[in-house]
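Participant: One structure coming up, written as structure tokens, with questions to follow.
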Amino acid sequence: MADNARARKLADRIQVVVAETLDRRIKDPRLGFVTITDARVTGDLREATVFYTVYGDEEERAASAAALESAKGILRSEVGRQTGVRFTPSLTFVPDALPDNARTIEDLLHKARAKDAEVREVSTGKTYAGEADPYRKPEDEDGEASE
């Protein structure tokens, strides 16, 4: 079993090698604007998961996924050649959910800003139901609250 530092270094190297190979050697027309976002290697260094994003619509994502699957052999042999490990890990390509999560968070923040603006609009010109400062203050020796 390899240590985590070695697995992390190998994952980082796999990420770079796959990205460079996609850029320079793979000439598949189905391959769109693909970005390799992360790579993770199992503890025994036998399997690598490569996360990617594709700029474009759902059709371009599907075409790029098919292109990555067809180029898996070339990419694996290039990873083996450039890393020099005894056993070249098998590659699995997984679309990264980060852009979808970021889009969801942006939508939620937009809704929160809209609600804040609505509350701000309703509260303009209004006064407090009680005193402006509702907190109790410690009393002086005279029995009056100090400011």
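Each value in this text was obtained by applying a stated rule to the coordinates, not by laboratory testing. Keep in mind it's a predicted model, so treat the numbers as computed, not measured. Cβ coordinates were reconstructed from backbone atoms using ideal geometry, including for glycine residues, and neighbour counts include every protein chain displayed.
Participant: Using only Cα atoms and rounding to the nearest 10 degrees, what angle (0 to 90) does helix 98-123 make with the longest principal axis of the chain?
Facilitator: Taking Cα atoms only, the helix is inclined about 10 degrees.
Participant: Which loop trypsin sites (Lys or Arg not before Pro) in region 54-147, with loop taken from DSSP, have no more than 15 other Cβ atoms within 10 angstrom of their Cβ?
Facilitator: Loop-located and lightly packed - 86, 126, 136.
Participant: Would you calculate, for the chain, the mean residue ellipticity at 222 nm contributed by helices, counting each DSSP H stretch of 4 or more residues as -39,500 (n - 2.57) and dividing by all residues, to the nearest 500?
Facilitator: Helices in the chain give a 222 nm mean residue ellipticity of -16500 deg cm²/dmol.
Participant: Same structure again: Given contacts defined as C-alpha pairs under 8 Å and at least six residues apart, what's the relative contact order of region 13-147, whole-number percent?
Facilitator: Normalised by residue count, the contact order of region 13-147 is 21 percent.
Participant: Taking volume of the Cα convex hull per residue in Å³ as the quantity of interest, determine which of (1) 212; (2) 141; (3) 129 was computed from the displayed structure.
Facilitator: Label (1) holds the value from this structure.
Participant: Continuing with this model, one more query. Scanning the chain for chymotrypsin sites (Phe, Trp or Tyr not before Pro) in DSSP loops with at most 10 other Cβ atoms within 10 Å, what's the longest stretch left with none?
Facilitator: On the way: sites that count: 87, 128, 135.
For chymotrypsin sites (Phe, Trp or Tyr not before Pro) (loop position, at most 10 other Cβ atoms within 10 Å), the longest site-free span of the chain is 1-86.
Participant: Relative contact order of region 1-90: what whole-number percent is it, with Cα pairs under 8 angstrom and at least 6 residues apart?
Facilitator: After rounding, I find 32 percent.
Participant: Shifting gears a bit: Out of 63, 48, 102, any idea which swings most in a Gaussian network model of the chain, alpha carbons joined below 10 Å?
Facilitator: Taking springs between Cα atoms under 10 Å, the residue moving most is 102.
Participant: Tell me the angle of helix 58-70 to the major Cα principal axis of the chain, expressed in degrees between 0 and 90 and rounded to the nearest ten.
Facilitator: The angle comes out at about 40 degrees.
Participant: Any chance you could give the angle, 0 to 90 degrees and rounded to 10, that helix 72-83 forms with the longest Cα principal axis of the chain?
Facilitator: 90
Participant: Which one of 134, 95, 29 has the biggest mean-square fluctuation once the chain is modelled by GNM with Cα springs under 10 Å?
Facilitator: Per the Cα network of the chain with a 10 Å cutoff, 134 tops the list.
Participant: Now for a separate question. What's the center-to-center distance, using Cα atoms, between region 40-59 and region 99-119 in Å?
Facilitator: About 29 Å separates the Cα centre of region 40-59 from the one of region 99-119.
Participant: With a 10 Å cut-off between alpha carbons and a GNM built on the chain, which of 123, 90, 64 moves the most?
Facilitator: Residue with maximal mean-square fluctuation among 123, 90, 64: 123.
Participant: In region 1-129, with Lys and Arg counted as +1 and Asp and Glu as -1 at Cβ, which of these residues, 94, 129, 108, has the Cα nearest the positive end of the dipole, that is, farthest along it?
Facilitator: 94
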